[in-house]
1. Could you run through the stretch 131-151 and say how many residues are within 29 Å of the chain's Cα centre (by Cα), farther than 19 Å from residue 103 by Cβ and at pLDDT 95 or above?
2. Residues 73, 46: which one is over 28 Å from residue 178 (Cα atoms), touching a residue at least 12 places away in the same chain (Cβ under 8 Å) and touching a Ser or Thr at 6+ places or on another chain (Cβ under 8 Å)?
3. Could you check, for the stretch 94-117, whether at least one of its residues is in contact with a Lys or Arg (Cβ under 9 Å, 6 or more places away or on another chain), surrounded by 19 or more Cβ atoms within 10 Å (Cβ to Cβ) and among the aliphatic types (A, V, I, L, M)?
4. Take the stretch 123-146 and flag every residue that is within 30 Å of residue 40 (Cα to Cα) and among the charged types (D, E, K, R).
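The values are calculated or read from the model by the stated rules, or taken from the named source; none is laboratory data. Remember, it's a predicted structure, so these values are computed and weren't measured experimentally. We place every Cβ from the backbone using ideal geometry, glycine too, and count neighbours over all the protein chains shown.
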Amino acid sequence: MNNSKLIKLAAAAALFQLPVSGHAAALPDLAATDLGVNAECQVVVKVRNNGPGVVPDAAFALSPPGSSVQMYKDNQPWGGIVLGGIDPQKHLKPAGGTLTHTWFPGAANLKLPSGTHSVRVVVDNNNVVKEGNEQNNTLTRRLTCRQPLPDLVPIKLGLNAACQIVVTLKNNGPGAVPAAAYGTNPPGSSVQMYSDNQPWGGIVLIGVDPQKQLVPAGGTVTHTWFPGAANLKLSPGTHSVKIVVDKNNVVAEGNEQNNTLAQRLTCGKIGGLKAPEKLAPVRQ
């Protein structure tokens, strides 16, 4: 066979993906095999090259003609990326190669919102890769995000030397307190105090926790109740004091049954001096 015939045969093989022998080249088969959600409500996609052929290097290009992968949430586009972006190590290149990829792990807006959603992924969305099976590039799943919730708990009520109420709150977690809970107007979370079953001042959460120490799981804050309000100091004697955190139920919590703490507190001082004790009568 002369050189000109070899050149023509090689050109035909490249055009029709035929080897010089004339047999059809084995094609790859990119299949979306699974969709799931991790603990952070990020979508995790699994892809496999079912083979028997290899995925060509051109499919991993970071610009056209690179193959693309497109995600949808509730039938709306929800981020797309080139194949080389999710598989820079080319794990999918050989037949049987697999890839597990967390969808845009640094993008907070591409975390799955709370609740159940229809999620669909399409591999080789732009049909760059010639495959043995073009019918298995798409996978749809209904995925549910159960985000970890915070748990706001009053853990201590006490009095300081001036008979002001001192409260300690804790976020038992495991989730963070959302930013909306710290709004100064609705829907800001509210905290309400009672003394002897009567309202004893209320305030939004950010007034108790301006530094947002309760945001992370395990965070605590200790706050003196209206330190500048003389009318909210306890009068001498023993009182039933109760506090309710998130009284307006703004914060979705893992436990909604522990927002209240009640204790009997005794104020035994007047103006910083101990109240005089009653003396027993002296017998003559």
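1. Initially, the stretch 131-151 is screened for residues within 29 Å of the chain's Cα centre (by Cα), giving 137-151.
Okay, now just the ones that are also farther than 19 Å from residue 103 by Cβ, so 148-151.
Of the ones still in play, those that are also at pLDDT 95 or above are 150-151.
Within the stretch 131-151, residues that are within 29 Å of the chain's Cα centre (by Cα), farther than 19 Å from residue 103 by Cβ and at pLDDT 95 or above number 2.
2. 46
3. Among the residues of the stretch 94-117, at least one is in contact with a Lys or Arg (Cβ under 9 Å, 6 or more places away or on another chain), surrounded by 19 or more Cβ atoms within 10 Å (Cβ to Cβ) and among the aliphatic types (A, V, I, L, M), which makes the answer yes.
4. If the condition is that a residue be within 30 Å of residue 40 (Cα to Cα) and among the charged types (D, E, K, R), then 124, 141, 142, 146 are the ones that fit.
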